[in-house]
Structures are given as C-alpha cells and as structure tokens.
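What follows is a short report on a single structure.
The values are calculated or read from the model by the stated rules, or taken from the named source; none is laboratory data. A quick note: this is a predicted structure, and the numbers were derived from the prediction, not measured. Cβ sites come from the backbone with ideal geometry, for glycine too, and all protein chains shown count toward neighbours.
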C-alpha cells in the first residue's frame with residue numbers, strides 16, 4: 001500500500017526489452033539501502049517488485065501486460081520517475097490510499113501557471129472520468145492529487161510549487177501520457193452500488209445515494 005506522497009524522483013539507469021517482459025533499473029541512490037528483494041516500490045504510479053540490485057540501482061521485472069497498460073513501456077535511459085517505497089505501519093498517512101494498480105492512462109492537454117499554482121488539464125477516457133468527483137482524490141504518476149475541476153473527458157488538477165519541484169510533473173508537456181489510478185474508496189462505492197441494483201450499475205435510488213456521497217466529499221450538507 002502507498003500514499004501518493006513521492007519520496008524522490010530517480011533516474012532510469014537501464015531499460016531491457018524482452019519478448020515477454022521488460023526489465024528496468026532505477027538509480028535510487030541512498031534510498032536503495034532501504035529496499036530489499038521482494039519489496040514493493042511505486043514507480044510512476046505502478047507497483048513493482050524489486051528483483052535485483054547493483055550498488056545504488058534497483059532492478060524491476062515488468063510483465064508485458066503491465067507495460068502495455070501503463071507509460072512504463074515508453075521509458076528510456078536518462079528519464080526520471082517518481083518513487084515511493086511501500087508504507088510501513090508506523091508511517092504517517094499524508095495522501096490517500098494508492099494501490100499501484102493503474103486504471104488507465106491520460107494525456108496532458110495543457111499546463112499553465114496562475115496565482116502561484118499550476119493548473120494542469122488531463123484528457124482521460126469516460127471509464128476513468130466516471131470514477132472521479134470534483135474535489136476527490138486521484139493518483140497521477142503515483143502522486144496523490146485533488147481534482148480541481150471535472151468535465152466529460154478532461155480533469156483539471158491544481159499543483160502547488162512544492163509538488164512541481166518534488167515530482168516529475170515539471171517535465172511534462174502537452175501530448176505526454178500519464179498513469180492514472182482513481183480513488184480506491186470511490187471505486188468500491190461504485191461497485192457496491194452496482195451490486196445493489198443487480199444490473200452492474202446503480203439504479204435510480206443508488207444514483208441519489210451517489211449524489212449524496214458526492215456532496216459529502218465536497219463538504220456540502
């Protein structure tokens with residue numbers, strides 16, 4: 001389990017493409033000493049297992065399916081990724097529940113600075129948008145963020161200077177792809193509401209419950 005609070009940004013030291021998998025090496029520097037074989041590490045929002053070590057470089061094996069469904073397939077040596085080790089039971093919980101199982105990818109539409117913040121707009125498919133609410137949480141490349149605005153195909157996130165400095169979001173340009181994981185709690189609510197209707201989707205009564213939950217998340221009565 002992760003929180004979406006990036007520990008550091010790290011350089012991709014190796015990318016080895018195989019017929020059935022992908023192997024990458026991430027230069028974790030001092031953080032490498034905290035990682036043991038079999039540990040889970042969040043790399044750009046994807047939960048990966050540490051399988052090898054060489055000094056300060058940690059290696060991860062990625063299945064073809066995982067690579068194909070995420071931006072990891074486009075990694076190259078010299079690029080930077082967001083890194084977060086799995087949380088310990090004694091850690092502070094600063095973000096939101098992040099599993100590292102990416103729901104899909106989104107495309108950067110625009111990013112502009114205004115009033116001391118950066119507003120970034122991302123285009124995502126309707127299946128992803130349907131699992132989001134304004135002011136709700138979303139993980140973008142493993143970063144716990146709040147949805148500032150939401151449209152039919154586009155979500156907007158507000159980024160403070162600290163987030164821009166501490167993550168790889170500062171490297172993104174329009175057209176770049178990002179990994180998106182929707183809020184785990186929201187996904188469970190949608191699933192349970194669908195089960196109540198018996199049709200795989202909420203009925204009219206469940207729609208009213210969903211609207212009430214949305215108002216609660218937004219701090220409305």
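Things worth noting here:
- Per the listing 55, 61, the residue uniquely outside the structural domain of residue 158 (by TED's automatic domain parsing), more than 29 Å from residue 158 (Cβ to Cβ) and surrounded by 15 or more Cβ atoms within 10 Å (Cβ to Cβ) is 61.
- Test for residue 116: is it in the same structural domain as residue 146 (by TED's automatic domain parsing), exposed (fewer than 14 other Cβ atoms within 10 Å of the Cβ), at pLDDT below 95 and at positive phi: yes
- With respect to the stated conditions, residue 127 is farther than 28 Å from residue 38 by Cα, modelled with pLDDT under 90, surrounded by fewer than 15 Cβ atoms within 10 Å (Cβ to Cβ) and in contact with a strand residue (DSSP E or B) (Cβ under 9 Å, 6 or more places away or on another chain).
- Any hit, segment 80-91, residues being crowded, with 20+ Cβ neighbours inside 10 Å, at pLDDT 90 or above, farther than 20 Å from residue 5 by Cβ and under 14 Å from the mean Cα position of the chain (by Cα): no
- Residue list for segment 1-52, restricted to those being surrounded by 17 or more Cβ atoms within 10 Å (Cβ to Cβ), in contact (Cβ under 8 Å) with a residue 60 or more places away in the chain and over 21 Å from residue 99 (Cα atoms): 12, 13, 15
- Some residue of segment 28-42 being part of a helix (DSSP H, G or I), modelled with pLDDT under 95, over 24 Å from residue 171 (Cα atoms) and not assigned by TED's automatic domain parsing to the domain that holds residue 142: yes
- Being surrounded by 16 or more Cβ atoms within 10 Å (Cβ to Cβ), in contact with a strand residue (DSSP E or B) (Cβ under 9 Å, 6 or more places away or on another chain) and in contact (Cβ under 8 Å) with a residue 12 or more places away in the chain is a property that residue 77 lacks.
For every residue, the table says whether it meets (1) touching a strand residue (DSSP E or B) at 6+ places or on another chain (Cβ under 8 Å); (2) without any contact (Cβ under 8 Å) to a residue 40 or more places away in the chain; (3) within 28 Å of residue 49 (Cα to Cα).
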site: 101; (1), (2), (3): yes, no, yes
site: 110; (1), (2), (3): yes, no, no
site: 117; (1), (2), (3): yes, no, no
site: 121; (1), (2), (3): yes, yes, no
site: 131; (1), (2), (3): yes, no, yes
site: 140; (1), (2), (3): yes, no, yes
site: 144; (1), (2), (3): yes, no, yes
site: 156; (1), (2), (3): yes, yes, no
site: 163; (1), (2), (3): yes, yes, yes
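- Yes/no for residue 199 being part of a helix (DSSP H, G or I) and at pLDDT below 95: no
- Qualifying residue in segment 167-175 (condition: at pLDDT below 95 and either surrounded by 16 or more Cβ atoms within 10 Å (Cβ to Cβ) or farther than 26 Å from residue 9 by Cβ (or both)): no
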